[in-house]
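The values are calculated or read from the model by the stated rules, or taken from the named source; none is laboratory data. The structure presented is a predicted model; accordingly, all values stated were derived computationally and were not measured. A quick note on method: Cβ atoms are made from the backbone with ideal geometry, for glycine too, and the neighbour counts reach across all protein chains shown. Areas reflect the complete protein model, heavy atoms only, side chains present, ligands, DNA and RNA absent. Shrake-Rupley method; radii C 1.70, N 1.55, O 1.52, S 1.80 Å.
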Amino acid sequence: LLREIDVHNAAVFDLAWHPDGGMLASASGDETVKLWRVADGQRLDTLSQPQGDVYTVLFTPDGSRVIAAGRDKRIHVWQLASLSEPTVNPQLHARFAHESPITSLALSDDGSQLISSAEDASLSVWTLPSLEHAATLATQPDMLSSLAAWQESRFLACKYIHTFQRLASFFAFWSALS
């Protein structure tokens, strides 16, 4: 154990490393995203604009922005003003994105597309940096618990169903705008 940090006033739902490895973002049930300097554990900013639990957070591949979403059904985008010093990072977008809480986000490898999934099993594709809606993908049979991206803007969705009787899962693959 290198360091333990008392980070939030509620559960931490997601973590994301900045591409340069020097910053960590944490998404929490206390309605915040916090940015941390990895070298010493210093909090660099608290992004408190979300109005509900924040379930998912990520950095753009170029490291210039942090994106988060959760219970308030909005995708939030902030511009990073400093990667190493405490500062206020301006919010660029707070876009209403789904009719139910957003559960997962994933970015294309080049950072030009964002895909979001929600509790109502809906999937949407967004163009970055403008955060304009690009497409709605077919509604899935159940809520997706995670999304991942890989080359050429193809995405993987994953759902785990856990009951006392069984543990099941499925994977779906698609190209975001094809």
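Taking the full set of protein chains and a 1.4 angstrom probe, give the accessible area of H93 in square angstrom, rounded to the nearest 10.
Here the accessible area works out near 40 Å².
Net charge around H98, counting only other residues with Cβ within less than 13 Å of its Cβ (Lys, Arg = +1; Asp, Glu = -1)?
0
Which value in Å does the Kirkwood hydrodynamic radius of the stretch 12-121 take, with 1/r averaged over all unlike C-alpha pairs and then inverted?
13.6 Å
In terms of solvent-accessible area of protein heavy atoms at a 1.4 angstrom probe, what is the ranking of R71, R65, highest value first? Mind dumping the intermediate values first?
On the way: R71 105, R65 60 Å².
Output order, biggest surface exposure first: R71, R65.
Provide the solvent-accessible area of L92, counting protein heavy atoms only and rolling a 1.4 Å probe, rounded to the nearest 10 Å².
Accessible area of L92: about 80 Å².
Ordering M143, M23 by how much accessible area each has at a 1.4 Å probe, largest first, what is the list?
Largest to smallest exposure gives the sequence M143, M23.
What is the distance in Å between the Cα centres of the stretch 4-43 and the stretch 54-80?
13 Å
To the nearest 0.05, what FRET efficiency results for A11 and S130 with a Förster distance of 22 Å applied to their C-beta separation?
Working from the Cβ atoms, E equals 0.10.
Dipole magnitude of the stretch 58-131 about its Cα centre, charges +1 at Lys/Arg Cβ and -1 at Asp/Glu Cβ only, in debye to the nearest 20?
Value, rounded to 20: 200 debye.
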